[in-house]
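Engineer: Please read through the structure below; I'll follow up with questions.
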Amino acid sequence: GEDVEQSLFLSVREGDSSVINCTYTDSSSTYLYWYKQEPGAGLQLLTYIFSNMDMKQDQRLTVLLNKKDKHLSLRIADTQTGDSAIYFCAEKGSGYALNFGKGTSLLVTP
Amino acid sequence: GAVVSQHPSWVICKSGTSVKIECRSLDFQATTMFWYRQFPKQSLMLMATSNEGSKATYEQGVEKDKFLINHASLTLSTLTVTSAHPEDSSFYICSARDPAGDTQYFGPGTRLTVL
């Protein structure tokens, strides 16, 4: 299938904001998702956005969607060391399965 | 949020043996479950879509006779890796679709190591 693109690595200082970017491929995707994966663990759904929305905020998380550019971003405010993980963006592909990006490794330093 | 469990969480087996992995949705009925495979530092790759009461739909390049999927009830899907080989070593993750909210919930994954 076509690729969902993400930058592979991001490093931020504790307390700063993190912004993880993603470019998706299917303009007909109805939902776009952000998942978090900690080492050796499964995926935790962080948030999702419906395609008719431009922005969604949930506590420290803000998702921005630019449908024209097929660009999705996840902003984590006041990033903590516990936020260090791999973050995957995903679009709903054909049927109900998800197409994942390769993941962005977020490292939060004290 | 909804809970999806997998069992076992990790397994080590000898080459040539078969391994069964279970995926359960604990608090909702999942008509559709998905099986993904993840290699180290890679993304999740969809292997197959499992529909309750019918045959699974496999992605291109995935051998259906090697990766047997059974979705016998609305809360359980199983993946059996038959005649496992070292190249089958991977992290297998299932997900279950909650039709109520059209959201997928992922299991914690199963680490398979084939010696």
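The values are calculated or read from the model by the stated rules, or taken from the named source; none is laboratory data. Keep in mind that what you see is a predicted model, and the values were worked out from it rather than measured. Using ideal geometry, Cβ is built from the backbone for each residue, glycine included, and neighbour counts are taken over all protein chains shown.
Engineer: Is it the case that some residue within the range A:98-105 is buried (at least 21 other Cβ atoms within 10 Å of the Cβ) and more than 30 Å from residue B:58 (Cβ to Cβ)?
Structural biologist: There is no residue in the range A:98-105 that is buried (at least 21 other Cβ atoms within 10 Å of the Cβ) and more than 30 Å from residue B:58 (Cβ to Cβ).
Engineer: So how many residues does the range A:6-32 have that are in a strand (DSSP E or B), within 13 Å of chain B (Cβ to nearest Cβ) and within 14 Å of residue A:86 (Cα to Cα)? Give the steps one after another, and end with the answer.
Structural biologist: Filtering the range A:6-32 for residues in a strand (DSSP E or B) gives A:6, A:9-13, A:18-23, A:31-32.
Restricting the remaining residues to those that are within 13 Å of chain B (Cβ to nearest Cβ) gives A:6, A:9, A:22, A:31-32.
Cutting the leftovers down to within 14 Å of residue A:86 (Cα to Cα) gives us A:6, A:9, A:22.
Of the residues in that region, 3 qualify.
Engineer: Take the residues of the range A:33-49 that are assigned to a strand (DSSP E or B) and facing chain B (nearest Cβ under 10 Å): which is surrounded by the fewest Cβ atoms within 10 Å (Cβ to Cβ)? Spell out the reasoning first.
Structural biologist: Residues of the range A:33-49 that are assigned to a strand (DSSP E or B), as a first pass: A:33-37, A:43-49.
Okay, now just the ones that are also facing chain B (nearest Cβ under 10 Å), so A:33, A:35, A:37, A:43-45, A:48.
On the way: A:33: 23, A:35: 24, A:37: 21, A:43: 27, A:44: 15, A:45: 17, A:48: 20.
Among them, the one singled out is A:44.
Engineer: Considering A:98, A:74, which residue is touching a residue at least 24 places away in the same chain (Cβ under 8 Å) and away from chain B (no Cβ under 14 Å)?
Structural biologist: Numbers: A:98 fails: away from chain B (no Cβ under 14 Å).
Just a single option satisfies the conditions, and that option is A:74.
Engineer: Which residue is nearest to the other protein chains (Cβ to nearest Cβ), if the candidates are limited to the range B:92-110 and must be buried (at least 19 other Cβ atoms within 10 Å of the Cβ) and hydrophobic (A, V, I, L, M, F, W, C)?
Structural biologist: Within the range B:92-110, the match that is nearest to the other protein chains (Cβ to nearest Cβ) is B:106.
Engineer: Now, a different point. Those residues that are over 12 Å from residue A:20 (Cα atoms), out of contact with any Cys (no Cβ under 8 Å at 6 or more places or on another chain), assigned to a strand (DSSP E or B) and of a type in the set (A, V, I, L, M, F, W, C), I need them from the range A:86-106; list them, please.
Structural biologist: A:90, A:98
Engineer: Give the number of residues within the range B:41-89 that are within 11 Å of another protein chain (Cβ to nearest Cβ) and at negative phi.
Structural biologist: Initial filter on the range B:41-89 (within 11 Å of another protein chain (Cβ to nearest Cβ)): B:41-51, B:57, B:59-60.
Then keep just the ones that are at negative phi; that gives B:42-51, B:57, B:59-60.
Adding up the residues that qualify gives 13.
Engineer: Do we have any residue at all in the range A:88-102 that's at pLDDT below 90 and polar (S, T, N, Q)?
Structural biologist: Yes, that holds for at least one residue.
Engineer: When you look at residue A:90, is it within 12 Å of chain B (Cβ to nearest Cβ), touching a Leu at 6+ places or on another chain (Cβ under 8 Å) and either surrounded by 18 or more Cβ atoms within 10 Å (Cβ to Cβ) or farther than 22 Å from residue B:4 by Cα (or both), yes or no?
Structural biologist: yes
Engineer: Output the number of residues of the range A:57-71 satisfying the condition of being more than 14 Å from every other protein chain (Cβ to nearest Cβ), of a type outside the set (Val, Ile, Thr) and either part of a strand (DSSP E or B) or touching a Gly at 6+ places or on another chain (Cβ under 6 Å) (or both).
Structural biologist: The total comes to 6.
Engineer: Can you give me the number of residues within the range A:60-103 that are over 26 Å from residue B:36 (Cα atoms) and hydroxyl-bearing (Ser, Thr, Tyr)?
Structural biologist: Final tally of qualifying residues: 3.
Engineer: If the requirement is being modelled with pLDDT of 95 or more and either farther than 30 Å from residue B:60 by Cβ or among the aliphatic types (A, V, I, L, M) (or both), which of these qualifies: A:10, A:32?
Structural biologist: On inspection, the qualifying residue turns out to be A:10.
Results for (1) within 16 Å of residue B:20 (Cα to Cα); (2) crowded, with 16+ Cβ neighbours inside 10 Å, shown as yes or no for each residue.
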site: B:35; (1), (2): yes, yes
site: B:46; (1), (2): no, yes
site: B:54; (1), (2): no, no
site: B:80; (1), (2): yes, no
